[in-house]
Amino acid sequence: MIEINEEIAVPAPPGRVWEVISDPAEVVSCIYGAELGASHDDGSFDGTLVVKFGAVRVRFGARVSLDLDEDAREGRLSARGRDGQGATRFNAQATFRVVEDRPGTTRVHVAGEVKLAGRLASVIEAGAGAVVGRMTKDFTDELVRRCAGDTAVAAAPGKPSPWARVRAWWRRILRRPQPGGTPGARAE
């Protein structure tokens with residue numbers, strides 16, 4: 001089992017950080033090797049993540065559920081999936097909370113666990129500490145950049161910000177019918 005317990009400092013107000021961290025498309029864009037897939041009628045969505053463990057690259061596919069409490073600025077993520085060859089299965093649970101640290105700064109608390117089963121489980125668990133550390137640093141750097149970017153580039157009055165336009169575009173993509181004629185779940 002891999003345990004995750006991270007605290008991320010972000011030099012931006014909690015509202016801005018929550019705006020980014022509660023949007024799956026924004027979060028996925030902060031994670032190198034991650035992609036957001038199709039949405040499902042139950043609100044879940046597909047995702048993939050390519051992770052490098054030393055010389056081994058493993059592509060994981062998952063069905064992801066996200067429950068958000070906007071008032072408390074808390075969320076719970078659940079994911080189940082397997083690697084691309086079906087040799088390793090995983091079940092992941094995580095919670096996250098956005099809290100004001102000092103005026104204008106925020107802390108994101110993340111706690112979770114990943115349970116692995118299958119042929120590559122021991123290899124993945126052995127390298128997990130370094131991988132989680134690297135991924136946390138990369139995620140933090142991109143989260144800070146995104147949170148600062150929207151506050152640094154203010155939109156003209158009456159005109160949506162660049163990130164608002166990107167989010168609107170992404171929501172339109174998610175609303176399109178999926179292959180097989182099943183419409184995707186609407187992004188909220």
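For region 47-64, give me each residue that is open to solvent by less than 50 Å² (accessible area, probe 1.4 Å) and modelled with pLDDT of 90 or more.
Gly47, Thr48, Gly61, Ala62, Val64
Would you confirm whether or not region 137-144 contains a residue that is part of a helix (DSSP H, G or I) and open to solvent by 70 Å² or more (accessible area, probe 1.4 Å)?
At the first step, the residues of region 137-144 found to be part of a helix (DSSP H, G or I) are 137-144.
With the extra rule that they be open to solvent by 70 Å² or more (accessible area, probe 1.4 Å), the set shrinks to 137, 141.
Yes, region 137-144 contains a residue that is part of a helix (DSSP H, G or I) and open to solvent by 70 Å² or more (accessible area, probe 1.4 Å).
Here's a check for you: in region 88-125, which residue that is in contact (Cβ under 8 Å) with a residue 12 or more places away in the chain, small (Gly, Ala, Ser) and loosely packed, with under 14 Cβ neighbours inside 10 Å is nearest to Lys52 (Cα to Cα)?
Ala117
The values are calculated or read from the model by the stated rules, or taken from the named source; none is laboratory data. All values reported here derive from a predicted model rather than from experimental measurement. Positions of Cβ are backbone-derived with ideal geometry, glycine not excepted, and every protein chain shown enters the neighbour counts. To get the accessible areas, we keep the full protein, side chains included, count just its heavy atoms, and leave off ligands, DNA and RNA. Shrake-Rupley method; radii C 1.70, N 1.55, O 1.52, S 1.80 Å.
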